[in-house]
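Everything below concerns the one structure shown next.
The values are calculated or read from the model by the stated rules, or taken from the named source; none is laboratory data. Predicted model only: the values in this text are computed from it and were never measured. Here the Cβ positions follow ideal geometry from the backbone for every residue, glycine too, while neighbour counts run over all protein chains shown. What goes into the accessible areas is simple: the full protein's heavy atoms, side chains included, and nothing from ligands, DNA or RNA. Shrake-Rupley method; radii C 1.70, N 1.55, O 1.52, S 1.80 Å.
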Amino acid sequence: MASPALARAAAARHTPAPMQRIAVTTRSRFEAVNVTRQVQEAVRGAGLQDGLVRLHCPHTTATLVVNEAADPDVVRDLLATYERLVPRDGDFRHAEGNSQAHVLSSLTGCGLTLPVEGGAVALGTWQGVFFVELDGPRRREVWIQCLASRG
Amino acid sequence: MASPALARAAAARHTPAPMQRIAVTTRSRFEAVNVTRQVQEAVRGAGLQDGLVRLHCPHTTATLVVNEAADPDVVRDLLATYERLVPRDGDFRHAEGNSQAHVLSSLTGCGLTLPVEGGAVALGTWQGVFFVELDGPRRREVWIQCLASRG
Amino acid sequence: MASPALARAAAARHTPAPMQRIAVTTRSRFEAVNVTRQVQEAVRGAGLQDGLVRLHCPHTTATLVVNEAADPDVVRDLLATYERLVPRDGDFRHAEGNSQAHVLSSLTGCGLTLPVEGGAVALGTWQGVFFVELDGPRRREVWIQCLASRG
């Protein structure tokens, strides 16, 4: 901790990073929007070098998933499976008619935790990050937090 | 880092927060218990201002989900879908007869990570946190950890 | 923060822990490999006392789950349910023929977050950590990160 530069770096590392909120506009009822680039920008903006980025979906009729981003048919096949496993007109009581979306949202979870290494989100070769709209079209948000790793 | 107050605040921020364990008593085989208030209290107790709270489900026949807390029919529809997707008397070999619960537990995951902002769990307008019993009634636990965000 | 020993301990606590990568070799198309011991070793190697360990699955045709490790039939029942819910020859367009694996990977998520207490991963009595191969046999990796808890 001798030099001012090191001290500044250490102090910077321990400064709380405020939560970021990004907007996602969807155009269909079911839709997967690739948000990988926005997540990378949020991590760069926070100055995080090594740790985790946490993405929270604040909506109960949408979700976030990681899957192959190279072939769009992979995500198309995922959405088709969602429709088959939890049909829109199932045995539901919720009066708003969007129980399908609520159920799928809980099945796949309310967010993602992703590794950050060397200042960037570290994903596998084929992995991309998708915001999955299940009851659109709507204006949506993703909440983003950065945490440095510590031994 | 000039003033003692700032130094104390910094030291407090870096003090490990011990894991908390809260008890949940379930009364049915399938049941969703709203634990949002207990999670908020745990975060306040840890003094966490900004970061993440992690909830771990230490049981292999229960799970934790986030979904709408306003209309109880949303969670009712989720549990009904669980019963339909993974029926109790499926093609199972596990001799204890609760494979349905084990499978659903793995499908929905062993815990939740939620954002904390300004000293409170930050959830979307409609979101609540539910402990989901899949093989009750039983006495259960949720393990709670707090981590401060760092840039 | 008076003594050098305390200062050293504090400094050690705030040192970033580099991400670890462990190899998993699978031998079947569908297979659950118990990796609990390797995860415990990674946590010990990082010197983490209290906090979280995050496991990332960098593959889009595999996943990670927690379930009962005592009776192997529990994991067998999980894999059988996967095959039934998302059959291999479903209504898929992805040309590589492994959409089943891609869909199941997204349904169960791209990783796990587990509590660490007293220098070890804290799991429930029956819980074990499994790497789940959905399109094997292959050589796979699990990426492991440690984060100390902070109030």
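Determine ³J(HN,Hα), in whole Hz, for all residues of region C:62-68 in sequence, where each value follows from phi through the Karplus function 6.51 cos²θ - 1.76 cosθ + 1.60 and θ = phi - 60°; x replaces Gly and Pro. Running phi through 6.51 cos²θ - 1.76 cosθ + 1.60 with θ = phi - 60° gives 7, 7, 10, 9, 10, 7, 4 Hz. What region B:31-148 shows is 33 Å² of accessible area per residue, with the surface traced by a 1.4 Å probe over protein heavy atoms.
Would you mind giving the mean number of other chain beta-carbons within 10 Å of the Cβ of each residue in B:37-47, as a whole number?
Values: counts 0, 0, 0, 0, 0, 0, 1, 0, 1, 3, 2.
Counting Cβ atoms of other protein chains within 10 Å of each residue's Cβ and averaging gives 1.
Shielding of A:124-134 by partners, i.e. mean partner chain Cβ atoms within 10 Å per residue? Show your work: numbers first, answer last.
On the way: counts 10, 3, 5, 7, 1, 1, 1, 0, 1, 0, 0.
Neighbouring Cβ atoms belonging to other protein chains average 3 per residue here.
Counts of other chain beta carbons within 10 angstrom of each beta carbon in peptide B:96-102 average 4.
In whole percent, and with a 1.4 Å probe on the protein chains, what portion of the accessible area of region A:23-148 is carbon and sulfur?
The computed percentage sits at 46.
Between A:Thr36 and B:Arg44, the distance separating the two model label sites (each 7 Å from Cα on the Cα→Cβ line) works out to 4.3 nm. Using the rule -39500 (n - 2.57) for each DSSP H run of four or more residues, divided by the residues of chain A, the 222 nm mean residue ellipticity is -9000 deg cm²/dmol.
How big is the convex hull of the Cα atoms of the protein assembly as shown, per residue, in Å³?
In the protein assembly as shown, the Cα hull volume divided by residue count equals 137 Å³.
Between C:Val129 and C:Val35, C:Thr36, the built amide H atoms are under 5 Å apart, and every one of these is 5 or more places off in sequence or on another chain.
Would you mind working out the magnitude of the charge dipole of the protein assembly as shown relative to its Cα centre, with +1 at each Lys and Arg C-beta and -1 at each Asp and Glu C-beta, to the nearest 20 Debye?
The dipole of the protein assembly as shown has a size of about 1700 debye.
Remark: relative contact order (chain A) = 48 percent; criterion is Cα-Cα distance under 8 angstrom and separation of 6 or more residues. Using θ = phi - 60° in the Karplus curve 6.51 cos²θ - 1.76 cosθ + 1.60, the 3J(HN,Hα) couplings for region B:95-100 round to 6, 7, x, 10, 4, 3 Hz; x is entered for Gly and Pro.
Taking 25 °C and 0.890 mPa s as the conditions, I'd like the Stokes-Einstein D for region B:31-148 in µm²/s, using the Kirkwood hydrodynamic radius from alpha carbon pairs. Intermediate values should be presented prior to the final figure.
Values: Rh = 15.1 Å.
Answer, rounded: 163 µm²/s.
Given the C-alpha centroids of region B:73-102 and region B:111-151, what is the distance between them in whole angstrom? Here the two parts' Cα centres lie 23 Å apart.
Each other copy places its own label point for C:Thr36 at 3.5, 3.5 nm from this one, sorted shortest first, where the point lies 7 Å along the Cα-to-beta carbon line. Backbone amide hydrogens, once placed in the peptide plane, bring C:Arg140 within less than 5 Å of C:Val24, C:Thr25, C:Thr26, excluding anything fewer than 5 places away on its chain.
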